[in-house]
Amino acid sequence: MMHRKWKISALLALVLVMGCAGAGAAESSLSDNFLLWLFDFQRTNGVKPVTDKHYQEECGACHFAYQPGLLPAKSWEALLTDQALRDHFGVNAQLDDETLKDIRDYAISNSAEKSWYKRSRKIAAATEHGPTPLRITGLRYIVRTHHDIPEKMITGNKDVKSLSFCDKCHTQAAKGIYDADTVNIPHYPNWDGWFNKP
């Protein structure tokens, strides 16, 4: 009952703000994302799932298709250029100009600071200042949330190898869900370190 009253109040406030800001504000992706968030709280816990076909096909062909909300726009701007893709972490991942533009536009418009999803907002806040992060696994937020896991379970685990393989342990990573209760580390099914944090 309380959630319903809050949703109605928030919706009325949004309508008032959007009305005052003019018709153009209703078209912004942030407003659209807010409306989605408003009516589905569960979606806000993780990051927005990948919804772009080109992005999923091209990026997912070589590795887990990381959701754009895992990095700020400045990172995607640096990573998704023709020159950067010629040596994309040791691999030539060049794309034709049209596909690159589509993927770049999608990643930037769905980046961490343009999202209402909880983990994306934390990443946006943590990367607002300082150097542009180029690796998701190098983000302080990601490092901090994984620091309790012994190395033998990640780099020493033949079925994981690195934090970069999110979907190896996060069973619902493709849906943008990274909650602790969806984690299953291969060969360590009973490890409950995630649940014993102070």
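Restricting to region 135-158, give me the number of residues that are surrounded by fewer than 15 Cβ atoms within 10 Å (Cβ to Cβ) and in contact with a helix residue (DSSP H, G or I) (Cβ under 6 Å, 6 or more places away or on another chain).
2
Considering only region 78-127, how many residues are modelled with pLDDT under 95, buried (at least 20 other Cβ atoms within 10 Å of the Cβ) and more than 11 Å from the chain's Cα centre (by Cα)?
1
Tally time: how many residues in region 68-97 are hydrophobic (A, V, I, L, M, F, W, C) and assigned to a helix (DSSP H, G or I)? Step through it out loud before you land on a result.
So the first thing to find is which residues in region 68-97 are hydrophobic (A, V, I, L, M, F, W, C), and the list is 70-71, 73, 76, 78-80, 84-85, 89, 91, 93, 95.
With the extra rule that they be assigned to a helix (DSSP H, G or I), the set shrinks to 70, 73, 76, 78-79, 84-85.
Of the residues in region 68-97, 7 are hydrophobic (A, V, I, L, M, F, W, C) and assigned to a helix (DSSP H, G or I).
Give me a count of the residues in region 133-162 that are within 16 Å of the chain's Cα centre (by Cα), over 12 Å from residue 66 (Cα atoms) and either outside any helix (DSSP H, G or I) or small (Gly, Ala, Ser) (or both).
Residues in region 133-162 being within 16 Å of the chain's Cα centre (by Cα), over 12 Å from residue 66 (Cα atoms) and either outside any helix (DSSP H, G or I) or small (Gly, Ala, Ser) (or both): 4 in total.
Does any residue of region 108-122 turn out to be in a helix (DSSP H, G or I), closer than 11 Å to residue 80 by Cα, of a type in the set (A, V, I, L, M, F, W, C) and in the same structural domain as residue 77 (by TED's automatic domain parsing)?
Here is the first cut: in region 108-122, the residues in a helix (DSSP H, G or I) are 108-109, 112-114, 118-122.
Among the residues that remain, those that are also closer than 11 Å to residue 80 by Cα are: 108.
Next, from what is left, pick out any that are of a type in the set (A, V, I, L, M, F, W, C): 108.
Pick out the ones that are also in the same structural domain as residue 77 (by TED's automatic domain parsing) and you get 108.
There is at least one residue in region 108-122 that is in a helix (DSSP H, G or I), closer than 11 Å to residue 80 by Cα, of a type in the set (A, V, I, L, M, F, W, C) and in the same structural domain as residue 77 (by TED's automatic domain parsing).
The values are calculated or read from the model by the stated rules, or taken from the named source; none is laboratory data. For clarity, every value in this text was computed on a predicted model and none was experimentally measured. Glycine gets a Cβ as well: all are built from the backbone with ideal geometry, and neighbour counts include every protein chain shown.
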